[in-house]
Each structure stands twice: as structure tokens, then as C-alpha cells.
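Presented below is the structure to which this report refers.
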């Protein structure tokens, strides 16, 4: 599936942010030494993840837009 050009809920433009999001998250993970370990949230604190930092850099504040980028699976190479 290709990343949607606009958020299907609010209409915010997402298409131009996908590549930057991918590269910046990978860069932050490499710098901090984080792998793909799961993050457990117990409700007492919210960890500052690389994804959250990139969302703040891009100005993506709505949860519907964040959902599209967080849950997207890049299948274009397999097609």
C-alpha cells in the first residue's frame, strides 16, 4: 500500500512527510542505540520515542495523522 496523500479523517497532507519520517526515525534509533525492542507503557509515564520526536519536528499533532504514519506498512517494493 502507498502512504495516503492526505489523512483520511482530517485532510492534513501526509504524502510529503513519509520519506523524511522514515529516514529521521532510523537516524534517531541509530544515534540512541535503540533497536526494535517493544516499549511498554504502564500509564505512569510516556516515554520519549524517536517517532514522537519526529512527529513534533514535523508538526503532526493529531492522533489520526500519527496513526497513518505509525501503522503504515511499506509494500510498494513487494508489488
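Of the residues making up region 1-48, those that are surrounded by 10 or more Cβ atoms within 10 Å (Cβ to Cβ) and not in a loop (DSSP other than H, G, I, E, B) number 16.
Here are some residues: 28, 34, 58. Which one is more than 23 Å from residue 9 (Cβ to Cβ) and modelled with pLDDT of 90 or more? Unique residue meeting the criteria: 28.
Selection of region 63-79 for residues being loosely packed, with under 10 Cβ neighbours inside 10 Å and either touching a residue at least 40 places away in the same chain (Cβ under 8 Å) or outside any helix (DSSP H, G or I) (or both) yields 73, 75, 76, 77, 78, 79. Does residue 60 fit the bill of being assigned to a loop (DSSP other than H, G, I, E, B), out of contact with any strand residue (DSSP E or B) (no Cβ under 6 Å at 6 or more places or on another chain) and surrounded by 15 or more Cβ atoms within 10 Å (Cβ to Cβ)? Against the criterion (assigned to a loop (DSSP other than H, G, I, E, B), out of contact with any strand residue (DSSP E or B) (no Cβ under 6 Å at 6 or more places or on another chain) and surrounded by 15 or more Cβ atoms within 10 Å (Cβ to Cβ)), residue 60 qualifies.
The values are calculated or read from the model by the stated rules, or taken from the named source; none is laboratory data. These figures come from a predicted structure and were not determined experimentally. Positions of Cβ are generated from backbone atoms using ideal geometry, with glycine treated the same way; all protein chains shown enter the neighbour counts.
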